[in-house]
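Take a look at the structure below.
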There are 2 protein chains.
Amino acid sequence: MISSARNERPGHDTADLSPSVAARHACRNGMAATTAGVANGYVQGNLAILPEKLAAAFHRFCQLNPKPCPIIGMSEVGDPRIPALGIDLDIRTDLPRYRVWRDGEVVEEPTDIMAHWRDDLVVFVIGCSYSFEEALLADGLPIRHIERKLRVPMYRTNIACTPAGPFAGPMVVSMRPFKPADAIRAVQVTSRFPAVHGAPVHLGHPHLIGIADISKPDYGDAVPVGADEIPVFWACGVTPQSVIQAAKLPFAITHSPGQMLVTDLLNKQLAVL
Amino acid sequence: MISSARNERPGHDTADLSPSVAARHACRNGMAATTAGVANGYVQGNLAILPEKLAAAFHRFCQLNPKPCPIIGMSEVGDPRIPALGIDLDIRTDLPRYRVWRDGEVVEEPTDIMAHWRDDLVVFVIGCSYSFEEALLADGLPIRHIERKLRVPMYRTNIACTPAGPFAGPMVVSMRPFKPADAIRAVQVTSRFPAVHGAPVHLGHPHLIGIADISKPDYGDAVPVGADEIPVFWACGVTPQSVIQAAKLPFAITHSPGQMLVTDLLNKQLAVL
């Protein structure tokens, strides 16, 4: 996945780079593919970039809705760096692919945003389920969509986020089916990771959270739920992108789905216990 | 409940006793009623007393089945004291009511076991769900059978305990229905209390653990489970009594259901986090 690091400029030795730095350098050099499975062990994040005049309201939205929008990093106004997530990180080049939004529509999906950068932009990096999925897998819990090489199924719910300024809308959730004892274990394992959505928000009765048909996700791919299984739902980092879209902002930038920021944080560092 | 402490012998001042010591003294003086609601905050325990020649196998059974049989105290052979659970505790007198078993049958339910005590007996005190119920209530989670002043519904399952010597049989579970988000919270809260059954063993699909009709518990009282609720099942301290019965031992003593040992331990001391 990060083999495009071979495209690094001559003389730049990538052999000693950590997997996360190598992944970001690969992006800088044109790698544009999913980051699923890239730099295992390292925290990946959802991206939201907004003009300063909207950033405070968005920050408040995240503060009020920490389960779908757990902030793991923020930039200074106009600064494309977030040293806490990677000393050399440049948010303008270090993701595989971006979405540029105007008035609620994706107008471009570039592999860098150098041409779109502005001195008034503020960067938000939001925790992502890849981190807790690593913990679930490490615990021996099977994850259906990974086994089947599909995207996780995601659903808009009837759970309203707490609104802030122009940002409002339903919580989006991701679903993973488990045998009942594994569902209990999954609650325990993911409770240790509040920075990456934490414990589930629901289990067992999809219709109670406004999901009419579990076989028809609003995003991602459907996966089967066995008669001996429980569908377990986690707050999902698609929520902030969904509310940014709904707010029809004049301008915003996000990551392209599945093509996340790879940070230098370790997933295990996010465990609170 | 502990008003029979007024029957204490003259000159013995009970005013300064802790609620747990007062409860045991009340038992010594003839109090024979449920200990539900007695000495809130203090750990209560299930009792099993066995001859030394069976005690090692029973201890091994508990070791192998820690969720239904979490040992919180043990005596030396022939010693009716367990100072770790109460300095002045005398297991022969300090429970409201006992069951004396011979060949798998209850032959007597005395309020003390002075006449049955022997130098070869070993005492086991096993954690009880009262402790984690206190934590659930403290967290604001409603407990159906408590609200309705019923006994918790309990069920024999198809989950086989790991056998040891003559001790074998199915795990008995208790059931509490919760709204889905509360069920998730209940997993978190009870996970902190491994010494008193810990996290649930099952949720959501009773038939998968051999429960054909949730409205017909094998012990305790039925409680309704709403269409918007999830039945959540915990390993239950009735399990050891059930396997003692099934083993048809020549001799054993247990507590009488609901009439537990009140210890000087605080429930909050059992929390691992």
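Name the lysines eligible as straight-distance cross-link partners of A:Lys53: C-alpha to C-alpha under 16 Å, and not fewer than 8 places from it in the same chain.
A:Lys248
Please state the shape class of segment A:164-254: rounded when a/c is under 1.5, otherwise prolate if a/b exceeds b/c and oblate if not, all from the C-alpha gyration tensor.
Numbers: a/c = 2.62, a/b = 1.68, b/c = 1.56.
In terms of gyration-tensor shape, prolate.
For A:Ile143, B:Ile253, which order do you get if you count the other beta carbons within 10 Å of each Cβ and list the fewest first? The partial results should precede the final answer.
Details: A:Ile143 18, B:Ile253 24.
So the residues, fewest neighbours to most, are A:Ile143, B:Ile253.
Among the lysines, which fall within straight-line cross-link reach of A:Lys179, defined as a Cα-Cα distance under 20 Å, with same-chain neighbours fewer than 8 residues apart omitted?
Answer for A:Lys179, where 20 Å is the Cα cut-off: A:Lys149, B:Lys67, B:Lys179, listed by chain and number.
With an 8 Å cut-off on Cα pairs and a minimum separation of 6 or more residues, tell me the relative contact order of chain A in percent.
Once normalised by length, the contact order is 29 percent.
Please list, in chain and number order, the residues 5+ apart from A:Val122 or on another chain whose amide H is under 5 Å from its amide H, with Hs placed from the backbone.
Close amide H contacts, sequence-distant or interchain: A:Leu50, A:Glu52, A:Gly78.
Suppose R0 equals 22 Å; then what is the FRET efficiency for B:Lys216 and B:Lys248 from their Cβ-Cβ distance, rounded to the nearest 0.05? Please list the in-between numbers first.
Working: r = 26 Å, r/R0 = 1.17.
FRET efficiency, B:Lys216 to B:Lys248: 0.30.
Tell me, what HN-Hα J-couplings in whole Hz come from the Karplus equation 6.51 cos²θ - 1.76 cosθ + 1.60 at θ = phi - 60° for each residue of segment A:158-171, using x for Gly and Pro?
Those phi angles translate into 9, 7, 6, 5, 6, x, 8, x, x, 9, 6, x, x, 5 Hz.
Tell me the mean residue ellipticity at 222 nm calculated for chain B from its helices only (DSSP H runs of n ≥ 4, each -39500 (n - 2.57), averaged over every residue, nearest 500). Numbers along the way, then the final one.
Details: 6 runs with 58 residues, N = 273.
Helices in chain B give a 222 nm mean residue ellipticity of -6000 deg cm²/dmol.
From the square roots a ≥ b ≥ c of the eigenvalues of the alpha-carbon gyration tensor of segment B:90-173, which class results: rounded (a/c under 1.5), prolate (a/b over b/c), or oblate? Write out the running numbers ahead of the final one.
Details: a/c = 2.16, a/b = 1.42, b/c = 1.53.
Oblate.
Going by alpha carbons, how many degrees (0 to 90, nearest 10) lie between the helix axis of B:129-138 and the longest principal axis of chain B?
Value to nearest ten degrees: 60.
Roughly how many nanometres apart are two label points built 7 Å out from the Cα toward the Cβ at B:Asp16 and A:Ala57?
6.7
Between helix B:180-191 and chain B, what is the angle of the helix's C-alpha long axis to the longest principal axis, kept within 0 to 90° and rounded to the nearest 10?
Orientation of helix B:180-191: about 40 degrees from the principal axis.
Assign unit charges at the C-beta atoms only (+1 for Lys and Arg, -1 for Asp and Glu), then state the dipole size of the protein assembly as shown relative to its Cα centre in Debye, rounded to the nearest 20. Display every interim value, and only then the final one.
Working: 50 positive and 54 negative charges, 136 e Å.
Rounded to the nearest 20 debye, it is 660 debye.
Placing +1 at every Lys and Arg Cβ and -1 at every Asp and Glu Cβ, with all other atoms neutral, what dipole size does segment A:130-240 have around its Cα centre, in debye to the nearest 20?
Details: 10 positive and 10 negative charges, 20 e Å.
Approximately 100 debye in magnitude.
Once you place label points 7 Å from the Cα toward the Cβ at B:Arg81 and B:Ala33, how far apart are they in nm?
Reported label-point gap for B:Arg81 and B:Ala33 is 3.1 nm.
With everything on Cα atoms, drop me the angle between helix A:19-28 and the longest principal axis of chain A, reported from 0 to 90° to the nearest 10.
Helix A:19-28 and the main axis of chain A meet at about 60 degrees.
Assign one of three labels to chain A, namely rounded, prolate or oblate, based on the Cα gyration tensor with a ≥ b ≥ c the square roots of its eigenvalues; rounded applies when a/c is under 1.5, prolate when it is not and a/b is larger than b/c, and oblate otherwise. If you can, show how the numbers build up before the last one.
Numbers: a/c = 1.82, a/b = 1.26, b/c = 1.45.
Oblate is the answer for chain A, as a/c is 1.5 or above yet b/c matches or exceeds a/b.
What list do you get for A:Leu203, A:Leu85 if you sort them by fewest beta carbons within 10 Å? Please list the in-between numbers first.
Values: A:Leu203 28, A:Leu85 24.
Least crowded to most crowded, the residues run A:Leu85, A:Leu203.
FRET efficiency for A:Asp139 and B:Gln269, Cβ-Cβ distance as r, R0 = 35 Å, nearest 0.05? Walk me through the numbers on the way to the answer.
On the way: r = 28 Å, r/R0 = 0.80.
Computed FRET efficiency for A:Asp139 and B:Gln269: 0.80.
Values in this text are rule-based calculations from the coordinates and carry no lab data. Keep in mind it's a predicted model, so treat the numbers as computed, not measured. Note that each Cβ is placed from the backbone with ideal geometry, even for glycine, and that neighbours are counted across all protein chains shown.
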